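To start, the structure under review is shown below, and the notes come after it.
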Ligand SMILES: [Zn+2]
């Protein structure tokens, strides 16, 4: 009897143990999982600290454990909260919680339509996960971002009159912007020429040198564009007249002598000694390599000093004959067959071999070295986006970053790169666009189109 009683109590203990294993432990495990205390993650992107006329930004939320239960965003301005986003994600099952572990919400709104006025505001964002903590409301991540609501577009006053631009030529427009911290410049078709302040005492006055590409047509849209920190845009048209220009056409016959002389240099540098024939190599160099070289040459155009280094007309290589002009369209022939067509973006000037090359005007050397078809080259920044280029040099006598005076010798002419004989390839460009140097060699053109405009504003 006593034995069996002992046995019974043993069984009860076993059952109790089993109960613990099957019920209590799972419950404990569930409670630990359901009461997880890892806060959800929150990122705000596309926010610059300003809210413009129409605003869009992204809120990214993530929660690896119980999942996101709620996302809420509001804009607090003058004690009034405007709801921007509110989404709930109920648990998909008892065990799983929410199935939103990572999600990006796009928030877009127009402050004026919501009755939000300009001034300081606070963007408030709350994310909660599906944990049972905080009375089943979940772990909370909260973020506040201070912002400025600015729905007023900037305004622009054009200060210069008369803008006559020739195809392949340059222009200057000076304008005043109503607010600080804007990005502005001139749109010429699809091209953009940033304006820079710093020349006039009033730092809201900008100068923008711009170029009309030689192939851009008469109807090209030209206007000043301003974007403020809140992303508000403004445009201002200005009176301008586009003069059409015909460009010369020329045929260049490529000889085997020229190919045998020039191609080895490119084999080594650009073509890595491919098995192609010499004329095939030439075509590759003349088209693809040329394009890359032009990009390399005009790269300094992205950064220019807001110092007007130059003064008066630009110097032309002394005692030299013009061998090719700007934007000349060249048809390349080999053994009577047309093999390529390209446009010549500078002026070729020939003097005696190894002639000293003067800097066309005062400026800062921003590029020296061998640049493919251009050979040994020097680029000078004359300030506010205007640059000059000296190519096919046999030697370079200046260092990068050096300031040079007008007429200072920067190197000697030569035939490096794709030159068929000793000459200087002289180019000028504004930012990323080559322009006709003839304008800059002409003191009258400079006076009428550039310096008179600047001095008129100085006198005001
Ligand atoms: Zn040339």
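Observations on the model:
- Here 107, 127 are screened, and the one residue that is within 29 Å of residue 235 (Cβ to Cβ) and in contact with a strand residue (DSSP E or B) (Cβ under 6 Å, 6 or more places away or on another chain) is 107.
- Applying the criterion of being in contact (Cβ under 8 Å) with a residue 60 or more places away in the chain and in a strand (DSSP E or B) to the residues of the range 395-425, the residue that is farthest from the ligand (Cβ to nearest atom) is 403.
- Checked against (1) under 24 Å from residue 350 (Cβ atoms); (2) surrounded by fewer than 18 Cβ atoms within 10 Å (Cβ to Cβ); (3) in contact with a helix residue (DSSP H, G or I) (Cβ under 7 Å, 6 or more places away or on another chain), residue 266 passes all but condition (2).
- Elements of type strands (runs of 3 or more DSSP E) in the range 222-294, at least 2 residues being more than 34 Å from the chain's Cα centre (by Cα) and at pLDDT 95 or above: 249-254
- Output for the range 344-376, where each listed residue is touching a strand residue (DSSP E or B) at 6+ places or on another chain (Cβ under 7 Å) and within 11 Å of the ligand (Cβ to nearest atom): 344, 345, 346, 347, 348, 349, 350, 374, 375
- Scan the range 61-86 for residues that are under 18 Å from residue 44 (Cα atoms), without any contact (Cβ under 8 Å) to a residue 12 or more places away in the chain and not in a strand (DSSP E or B) and the total you get is 0.
- Residue 384 in the same structural domain as residue 290 (by TED's automatic domain parsing), surrounded by fewer than 17 Cβ atoms within 10 Å (Cβ to Cβ), more than 16 Å from the ligand (Cβ to nearest atom) and at pLDDT 95 or above: no
- Going through (1) within 16 Å of the ligand (Cβ to nearest atom); (2) closer than 26 Å to residue 187 by Cα one by one, residue 392 falls short only on (2).
- If you go through the range 318-338 and pick out every residue that is more than 15 Å from the ligand (Cβ to nearest atom) and surrounded by 17 or more Cβ atoms within 10 Å (Cβ to Cβ), you end up with 1.
- Counted as qualifying within the range 87-206 are the strands (runs of 3 or more DSSP E) with 3 or more residues that are surrounded by 15 or more Cβ atoms within 10 Å (Cβ to Cβ), namely 102-109, 119-129, 140-149, 170-177, 183-188, 191-194.
- Residue in the range 297-317 that is within 16 Å of the ligand (Cβ to nearest atom) and either over 16 Å from residue 409 (Cα atoms) or not assigned by TED's automatic domain parsing to the domain that holds residue 389 (or both) present: yes
- Only residues that are assigned to a loop (DSSP other than H, G, I, E, B) and closer than 25 Å to residue 265 by Cβ were counted in the range 426-440, giving 0.
- Filtering the range 216-267 to residues that are touching a strand residue (DSSP E or B) at 6+ places or on another chain (Cβ under 8 Å) and closer than 21 Å to residue 374 by Cβ leaves 247, 248, 250, 252, 254.
For (1) surrounded by 10 or more Cβ atoms within 10 Å (Cβ to Cβ); (2) assigned to a loop (DSSP other than H, G, I, E, B); (3) touching a strand residue (DSSP E or B) at 6+ places or on another chain (Cβ under 9 Å), each residue gets a yes or a no:
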position: 13; (1), (2), (3): yes, no, no
position: 25; (1), (2), (3): yes, no, no
position: 30; (1), (2), (3): yes, no, no
position: 36; (1), (2), (3): yes, yes, yes
position: 42; (1), (2), (3): yes, no, yes
position: 47; (1), (2), (3): yes, yes, yes
position: 53; (1), (2), (3): yes, yes, yes
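The values are calculated or read from the model by the stated rules, or taken from the named source; none is laboratory data. Bear in mind that the values here come from a model prediction, so they are computed numbers and not experimental data. So basically every Cβ, Gly included, is an ideal-geometry build from the backbone, and we count neighbours across all protein chains shown.
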